[in-house]
Amino acid sequence: MTTTAVGAVADFALSTVDISGVVHEYERCILNAFGAAGNAARTEPIDALRRVAGPGPCTAIFSDRGHPVEETALINAATIHLLDFDDTYVRALCHATSPVLGAVLAAAQAAPGPVSGREFLEAFAVGFEVEVALADILWEPVYDRGFHVTPFVGAPGVAAAISRLWRLTPAQARHAIGISVTGAVSYMENFGSHVKAYGIGNSTRSGIRAVQLAMAGFTSMESALDGPSGMLRALATDPARIDLGPLAELGRNWRVRDSMLLKYYSTGTIMQAALQAALAERPKANGTDVAAIRVRGFRGIRQVCVPERPPASSLEAKFDFPYCVAAAWVDGQFLEHQMSADRYLDQEVLRVRSLVDVVTGDELGPLDCDMEIELVDGRTLSSSVRQAKGSPQAPLTDSELEDKLRLSTSDLPVDPKRIADEAWRLESAPSLEPLQSSLTPSPAHAGARSGR
């Protein structure tokens, strides 16, 4: 491995990469992200980000307003992540696609020359792999201290991707990576608010700003990642024992293949298995009232997803594990509607929420749970889920990803079939323009969809 972590990341960012064996996996992540963004695009927090961003030449996904490139990247990433329907690199609980895709979509519009689909995919892959490799190193000490890992690793991932896309020199790329580690931080205390998505968006903006500064002559220390006081050691539980092995595997072990969750339910990663279990057992109750629901799940559930009071907003509802289980049980489904006020204020849902007891088991992973549902007639239903739907062991099909996009964009003046078609043919696309165009609202599409 190169002598420093910064050097390893920068060298990989500018190297010749062979992604031929994993192109379809990256395309799936991209299409999934568009499906995650659709319902978020017309929300007030995303509109607020657009209002404060200022005018510029780049357009964000599902918007026709122009903004500066770094602000467009922020809006893109926040839109993809806001409703927590984007993917997760489960091994390190990192949202891998939203920062890097948000940045590359914006930066391609400000690139020094035309960008082909292959160049776009390679930049995305490079940033994605840097991000998740760093997350593998950092995630446990970061989460144990109450930080959100994605902003920490998103910024250098973005810097690596844009260094490649904008064709930086090796020296500039090293400085960009070093600058980027000062870019963003976010705390789990803000989960359930708009700030969670903003933290990811801010890391995206910081990564692009780091590249801009490096191109303008700004410098950083090459020890910024793994030096005695660099990011990796400063955040480590034991600075003397950090494992930099994941960085040595860049370009050889493509992590997109082995630990990606493309979510089936629009909520947090560690809720997926419990929702699957509740909805599987509900028909067996035959309408009988529930007396208690007991859930054993991943150790992180109680840290961030079992609040003392009921939810007071849709985002708080998404991060309320007992509420999500209760809403799924009462309604027999778990869609974006279950996050609306008429559901999180519903008295029957709140009653069932009070009956949900959550304990954790060290042997259970983020996509596992054991559930027992005690009914008032004395029966007990039980379900165990290992690797929830959407995981590599139970992946969403390509058709299901297309359905996710279609449903989430049903109120937007875009053509989801065209978006999907352009995403699937990125590898051979001579230009990114058809994809960018498909993501821009069109009055013609509005008329066509309203007439169906």
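The values are calculated or read from the model by the stated rules, or taken from the named source; none is laboratory data. What you are looking at is a predicted structure, and each value in this text was computed from that prediction instead of being measured. Cβ atoms come from the backbone with ideal geometry, glycine included; neighbour counts cover every protein chain shown.
Regarding VAL349, is this residue among the hydrophobic types (A, V, I, L, M, F, W, C), in contact with a Lys or Arg (Cβ under 7 Å, 6 or more places away or on another chain) and assigned to a helix (DSSP H, G or I)?
So VAL349 fits the description; yes.
Looking at (1) in contact with a Pro (Cβ under 9 Å, 6 or more places away or on another chain); (2) over 27 Å from GLY287 (Cα atoms); (3) part of a loop (DSSP other than H, G, I, E, B), which is the one condition that is false for SER391?
Every condition holds for SER391 apart from (1).
Among what's in the stretch 336-382 and is more than 22 Å from ASP84 (Cβ to Cβ) and under 29 Å from the mean Cα position of the chain (by Cα), pick the residue that is surrounded by the fewest Cβ atoms within 10 Å (Cβ to Cβ).
ASP362
At pLDDT 95 or above and under 15 Å from ALA197 (Cα atoms), is that true of THR43? Steps first, please.
On the way: at pLDDT 95 or above: yes; under 15 Å from ALA197 (Cα atoms): yes.
The answer is yes for THR43.
Of the residues GLU131, GLU119, which single one is at pLDDT 95 or above, in contact with a helix residue (DSSP H, G or I) (Cβ under 8 Å, 6 or more places away or on another chain), surrounded by fewer than 24 Cβ atoms within 10 Å (Cβ to Cβ) and part of a helix (DSSP H, G or I)?
Going through GLU131, GLU119 in turn, just one is at pLDDT 95 or above, in contact with a helix residue (DSSP H, G or I) (Cβ under 8 Å, 6 or more places away or on another chain), surrounded by fewer than 24 Cβ atoms within 10 Å (Cβ to Cβ) and part of a helix (DSSP H, G or I): GLU119.
Which residue, of ALA214, ALA234, is touching a His at 6+ places or on another chain (Cβ under 8 Å) and part of a helix (DSSP H, G or I)?
One residue alone meets the criteria, ALA214.
Rundown of residues vs (1) over 30 Å from ALA41 (Cβ atoms); (2) modelled with pLDDT of 95 or more; (3) not charged (D, E, K, R), yes/no style:
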| position | (1), (2), (3) |
| --- | --- |
| LEU261 | no, yes, yes |
| ALA277 | yes, yes, yes |
| ALA285 | yes, yes, yes |
| VAL290 | yes, yes, yes |
| ARG299 | yes, no, no |
| PHE319 | no, no, yes |
| LEU345 | no, yes, yes |
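Can VAL385 be described as β-branched (Val, Ile, Thr), surrounded by fewer than 19 Cβ atoms within 10 Å (Cβ to Cβ) and in contact (Cβ under 8 Å) with a residue 24 or more places away in the chain?
no
Consider SER410 carefully, then state whether it is assigned to a loop (DSSP other than H, G, I, E, B), among the small types (Gly, Ala, Ser) and surrounded by fewer than 23 Cβ atoms within 10 Å (Cβ to Cβ).
Considered against the rule, which asks whether it is assigned to a loop (DSSP other than H, G, I, E, B), among the small types (Gly, Ala, Ser) and surrounded by fewer than 23 Cβ atoms within 10 Å (Cβ to Cβ), SER410 comes out as yes.
If I ask for residues that are under 12 Å from PHE321 (Cα atoms) and in a helix (DSSP H, G or I), which ones from the stretch 285-311 would you list?
Across the stretch 285-311, the qualifying residues are ILE301, ARG302, GLN303, VAL304.
Can you tell me which residue is surrounded by the fewest Cβ atoms within 10 Å (Cβ to Cβ) among those in the stretch 220-258 that are touching a Pro at 6+ places or on another chain (Cβ under 7 Å) and within 24 Å of ARG299 (Cα to Cα)?
THR237
From the list PRO246, PRO310, PRO283, which residue is farther than 30 Å from SER399 by Cα and more than 23 Å from the chain's Cα centre (by Cα)?
Numbers: PRO246 fails: more than 23 Å from the chain's Cα centre (by Cα); PRO283 fails: farther than 30 Å from SER399 by Cα.
Step by step, each of PRO246, PRO310, PRO283 is checked, and only PRO310 is farther than 30 Å from SER399 by Cα and more than 23 Å from the chain's Cα centre (by Cα).
Specify the residue that is modelled with the lowest pLDDT; the eligible residues are those in the stretch 176-203 that are crowded, with 19+ Cβ neighbours inside 10 Å and hydroxyl-bearing (Ser, Thr, Tyr).
Residue satisfying both the conditions and the ranking: SER186.
Are any residues in the stretch 277-316 out of contact with any helix residue (DSSP H, G or I) (no Cβ under 9 Å at 6 or more places or on another chain) and crowded, with 18+ Cβ neighbours inside 10 Å, and if so, which ones?
ARG296
Can you tell me how many residues within the stretch 84-107 are assigned to a loop (DSSP other than H, G, I, E, B), of a type in the set (A, V, I, L, M) and buried (at least 24 other Cβ atoms within 10 Å of the Cβ)? Give the derivation first.
Of all residues in the stretch 84-107, those assigned to a loop (DSSP other than H, G, I, E, B) come to 84-87, 93, 95-96.
Narrowing the set further to residues that are of a type in the set (A, V, I, L, M) leaves 93, 96.
Filter again for buried (at least 24 other Cβ atoms within 10 Å of the Cβ), leaving 96.
Residues in the stretch 84-107 being assigned to a loop (DSSP other than H, G, I, E, B), of a type in the set (A, V, I, L, M) and buried (at least 24 other Cβ atoms within 10 Å of the Cβ): 1 in total.
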